[in-house]
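The values are calculated or read from the model by the stated rules, or taken from the named source; none is laboratory data. Because the structure is predicted, anything quoted here is derived from the model rather than measured. So basically every Cβ, Gly included, is an ideal-geometry build from the backbone, and we count neighbours across all protein chains shown. To get the accessible areas, we keep the full protein, side chains included, count just its heavy atoms, and leave off ligands, DNA and RNA. Shrake-Rupley method; radii C 1.70, N 1.55, O 1.52, S 1.80 Å.
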Amino acid sequence: MKTHPISMRKVVLGAMATLLASGLSTATLAADYPSKPIQMIVAFGAGGSTDTMARIFAKYAEEELGQRVVVVNRPGAGGELGWVHLANAAPDGYTIGLINSPAVEVYPFTREESVGYSLDEIRPLANVITDPGVLAVAADSPYQSLDDFVAAVKDDPESVIVSHEGIGGDDHLAALNFAAEADIDLSFVSYNGNAEATAALLGGHITAFEGNMSEAVAQIQEGKARGLAVWADERVEAIADVPTGKEQGYDVQSAASRGFAVPADVPQEIYDTLLDVTRSVVENPEFRAEMERLNMPVNPIYGQEYADFIQDSHDRLKALWEQDPWTEQ
């Protein structure tokens, strides 16, 4: 029989029930909110694009909330450990978290026997960034195009190692889609964040970096790395010399969506407050200017529309998984 990890939710809800029984209503809790610092969980390591976005967002959110927003990195298992902490946090509005799509949607079915959270334990708040995928190699790499890269893999598959942030994440799925298009088998190594993967690429420990545009753009612009493809409909202005995969005959599209969520049982009044704060930050011209400077494309999706986006992605990817499960690579 399948067993599920023990959730703290029963304990938390029991504690809240005791408070309510003593006359402290959720309306009173919401009216006083926030009265202390808020924790923001980032499910990846410091220095990557998710962490960078979180810290900039937190700075502007503090101005709106009148309280500190403390970023806490909880990397591991491709983001799963951080999302377990988010799902099990007290539903009082004092813990919010970054969620990364599609990874957050796929773990509940790709890791069904062991995953420590489910989508119904978190409530999506708003998407902020949609960041296209990029395949890049070091500047001294002999590969000048995707065709060069494919030829090398076919000649000696084990000599070509590609990074990603976790099985079922956008990086991993982009690389798998490319491999299917090119009819090749890729070898992978997983990192807790793309900051680690970038260091590995520049240090010569891997052949190629599969990540997001915002994480590769600085190295490409500075001549430390060479972009082989951007997985988007059209070229990206910041790295306009990097062709799309489709231009080179490989019809692959991939992007990471980064947004915020809260534990599912957060009172509606507190959820609405956080949604208003998120909207104010995202629409702030200064925040947008910082995102533009970091080449992070702002793509706001709020409230129920964002929840529908996450659920639709889950359903679509689960159907693909059931047809042809991704292997643990």
Exercise. State the number of residues belonging to segment 102-138 that are among the polar types (S, T, N, Q), under 14 Å from Ala261 (Cβ atoms) and open to solvent by 10 Å² or more (accessible area, probe 1.4 Å).
Key: 1
Quiz item: Somewhere in segment 208-220, is a residue out of contact with any strand residue (DSSP E or B) (no Cβ under 8 Å at 6 or more places or on another chain), farther than 22 Å from Thr52 by Cα and open to solvent by less than 20 Å² (accessible area, probe 1.4 Å)?
Solution: no
Self-check item: Selection from segment 211-241 of residues that are farther than 15 Å from Pro297 by Cβ and among the β-branched types (Val, Ile, Thr)
Solution: Ile220
Practice problem: Out of Ser141, Ser163, report the one residue that is open to solvent by less than 20 Å² (accessible area, probe 1.4 Å), among the hydroxyl-bearing types (Ser, Thr, Tyr) and farther than 30 Å from Val115 by Cα. | Solution: Ser141
Practice problem: Return only the number of the condition from (1) in contact with a strand residue (DSSP E or B) (Cβ under 6 Å, 6 or more places away or on another chain); (2) free of Cβ contacts under 8 Å to residues at least 24 places away in the same chain that Leu98 does not satisfy. | Solution: (2)
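Here is a yes/no grid of residues against (1) open to solvent by 20 Å² or more (accessible area, probe 1.4 Å); (2) closer than 23 Å to Ser145 by Cβ; (3) free of Cβ contacts under 8 Å to residues at least 60 places away in the same chain:
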position: Asp185; (1), (2), (3): yes, yes, yes
position: Arg235; (1), (2), (3): yes, yes, yes
position: Ala256; (1), (2), (3): no, no, no
position: Pro263; (1), (2), (3): no, no, no
position: Glu269; (1), (2), (3): yes, no, no
Practice problem: Test Ala179 against the criterion of being more than 27 Å from Leu317 (Cα to Cα) and in a helix (DSSP H, G or I), and give yes or no. | Solution: no
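Residues are listed down the side, and each one gets a yes or a no for (1) closer than 18 Å to Phe309 by Cβ; (2) out of contact with any Asp or Glu (no Cβ under 9 Å at 6 or more places or on another chain); (3) aromatic (Phe, Trp, Tyr):
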| position | (1), (2), (3) |
| --- | --- |
| Gln221 | no, yes, no |
| Leu228 | no, no, no |
| Asp241 | no, yes, no |
| Gly259 | yes, yes, no |
| Val262 | yes, yes, no |
| Val266 | no, no, no |
| Tyr271 | yes, yes, yes |
| Arg279 | yes, yes, no |
